[in-house]
Amino acid sequence: MYRRGEIPDIIPCTSLIRGFCKLGETRKAGRVLRIIEESGASPDVITYNVMISGFCKLGETDNALRVLDRMSVAPDVGKLERAMEVLDGMLQRGCLPDVFTYTILIEATCKESGVGQAMKLLDEMRSKGCKPDVVTYNVLINGMCKEGRVDEAIRFLSYMPTYGCNPNVISHNIVLRSMCSTGRWMDAEKLLEDMVQKRCSPSVVTFNILINFLCRKGLLGRAISVLEKMPEYGCTPNSLSYNPLLHGFCKEKKMKRAIEYLEIMVSRGCYPDIVTYNTLLTALCKDGKVEQRLFPVLITYNTVIDGLSKVGKTETALELLEEMVVKRLRPDIITYSSIVAGLSREGKIEEAIRIFHELKNLSVRANAITYNAIILGLCKLRQTDRCMPTESTYTTLIEGLAYEGMAKEALDLLNELSSRGVVKKNSMQNVVVSI
């Protein structure tokens, strides 16, 4: 196209540059940009941003500046001054650098020349009428933390609203991680409280940073307290929340507590991952307790069965299940949930339901993962009529809550469902009597 004298379209060429940059092929991406320029086409700011970003991600800041340099001739001075003059040239040529352009350059400057130089570029950005966004500020906060300037990062975080930009959860997480890495866990806990007061909702990552640090310091009680507070903030603990706790218990040779928290983890619908299993398996082998010697074998089977079920090999997983029974190993809810989920994903819903119904006879209690797998399987096959809850479903749930000692919650739910007409009056009376 170019050799025929045709002018290439900027949009597909920009996509091509982005694709090469993602593959780390910045030389090829640069060749495409040169072809665009030589053809007489006018690359826009998005095209240049993609190219500059590609160079910066690979640490090729000199090449990034050369791209800017081709847009405007700059004298041979220091890199930062040169970049600023190039940006001036962009403005003069009408190719206005946006917040993304500046943020890329600020990040590269932080890495190469330090935060002090990057702050000068921030001032230059503001003077040109380009307003920094939260990503720009997060880059600077991260740079401060990496240089060990945590107190400065904390102050910068608190000043952000005065700059017309409220810090987000990522801003806080950067500072929180740095506080923890420098042993300032009390400051970290205070920062978490400040986040809540400022109505900046902490994420699962926020809590996991704190839990991981507390566990490494052996403060398992505090870590448990943080983990148990997560649902209050709308966060559901994941395997990365539980794994540090399990590792901490194993390290202190509190194997009963480790296994207890594994059971809590599963009962809450959180699947153990390979790290969970390896942590417990290693610790139990070292511990050598006779009464728990079969537990590592169960973990091994569960790991393999879960893996097979996830890659569509449920037939092999079922063979291993039979092997477990023959060896008098007792499969648990993790074993069955893995298989039920696998069967549902493969569309073998009848077999999944059959195993689900067998759980009651095996005295294995289904959890949220098991139910969700069946419901999802039915929905995929467009058999939603088979998974719609009935009045019996709700009354069973209410009775289950009562049996677990949550009578108040059971009565509250019963009253709510009754007021909506989901549970009839006579059924309500029967449930109250059973509670």
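The values are calculated or read from the model by the stated rules, or taken from the named source; none is laboratory data. Quantities reported herein were computed from a predicted structural model and do not represent experimental measurements. Glycine gets a Cβ as well: all are built from the backbone with ideal geometry, and neighbour counts include every protein chain shown.
Look at region 361-373: where a residue is in the same structural domain as residue 348 (by TED's automatic domain parsing) and a partner is assigned to a loop (DSSP other than H, G, I, E, B), sitting 6+ places away or on another chain with Cβ atoms under 6 Å, you get 367/269; 368/269; 369/269. Filter region 350-373 down to the residues that are buried (at least 22 other Cβ atoms within 10 Å of the Cβ) and among the aliphatic types (A, V, I, L, M), then identify the one that is modelled with the highest pLDDT. This residue is 352.
Filtering 140, 210, 157 for residues that are outside the structural domain of residue 103 (by TED's automatic domain parsing), without any contact (Cβ under 8 Å) to a residue 40 or more places away in the chain and within 30 Å of residue 254 (Cβ to Cβ) leaves a single hit, 210. The set of residues in region 154-181 that are more than 15 Å from residue 142 (Cβ to Cβ) and β-branched (Val, Ile, Thr) contains only 162.
Can you say whether residue 83 is at pLDDT below 65, surrounded by 15 or more Cβ atoms within 10 Å (Cβ to Cβ), outside any helix (DSSP H, G or I) and not polar (S, T, N, Q), as far as the supplied structure shows? Spell out the reasoning first.
Values: at pLDDT below 65: yes; surrounded by 15 or more Cβ atoms within 10 Å (Cβ to Cβ): yes; outside any helix (DSSP H, G or I): no; not polar (S, T, N, Q): yes.
Answer is no for this residue.
Give the residues of region 226-278 that are modelled with pLDDT under 80 and at positive phi, sorted by residue number. Within region 226-278, 269 is the sole residue that qualifies.
Does region 178-189 contain at least one residue that is within 24 Å of residue 103 (Cβ to Cβ) and not in a helix (DSSP H, G or I)?
Looking only at region 178-189, we keep the residues that are within 24 Å of residue 103 (Cβ to Cβ), and these are 178.
The next check asks that each one be not in a helix (DSSP H, G or I); those that pass are none.
No, region 178-189 contains no residue that is within 24 Å of residue 103 (Cβ to Cβ) and not in a helix (DSSP H, G or I).
Here is a yes/no grid of residues against (1) aliphatic (A, V, I, L, M); (2) modelled with pLDDT of 70 or more:
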| residue | (1), (2) |
| --- | --- |
| 386 | no, yes |
| 395 | no, yes |
| 398 | yes, yes |
| 405 | no, no |
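Taking the criterion of being farther than 25 Å from residue 332 by Cβ, part of a helix (DSSP H, G or I) and under 21 Å from the mean Cα position of the chain (by Cα), would at least one residue in region 231-249 satisfy it? Break it down stepwise before answering.
Residues of region 231-249 that are farther than 25 Å from residue 332 by Cβ, as a first pass: 232-235.
Filter again for part of a helix (DSSP H, G or I), leaving 232-233.
Still in the running and under 21 Å from the mean Cα position of the chain (by Cα): 232-233.
Within region 231-249 (the criterion being farther than 25 Å from residue 332 by Cβ, part of a helix (DSSP H, G or I) and under 21 Å from the mean Cα position of the chain (by Cα)), the answer is yes, since at least one residue qualifies.
Scanning region 242-258 for residues that are buried (at least 17 other Cβ atoms within 10 Å of the Cβ) and more than 18 Å from residue 369 (Cα to Cα) returns 243, 244, 245, 246, 247, 248, 249, 250, 255, 257, 258. Residues of region 138-151 that are part of a helix (DSSP H, G or I) and surrounded by 15 or more Cβ atoms within 10 Å (Cβ to Cβ): 138, 139, 140, 141, 142, 143, 144, 145, 146, 150.
In region 190-217, the residue that is nearest to residue 166 (Cα to Cα) out of those that are assigned to a helix (DSSP H, G or I) and of a type in the set (D, E, K, R) is 194.
For region 117-137, state whether one or more residues are in a helix (DSSP H, G or I), over 20 Å from residue 98 (Cβ atoms) and modelled with pLDDT under 90.
yes
This table checks each residue for (1) among the aliphatic types (A, V, I, L, M); (2) in contact with a Leu (Cβ under 8 Å, 6 or more places away or on another chain).
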residue	(1), (2)
176	yes, yes
180	no, yes
183	no, no
186	yes, no
211	yes, yes
228	no, no
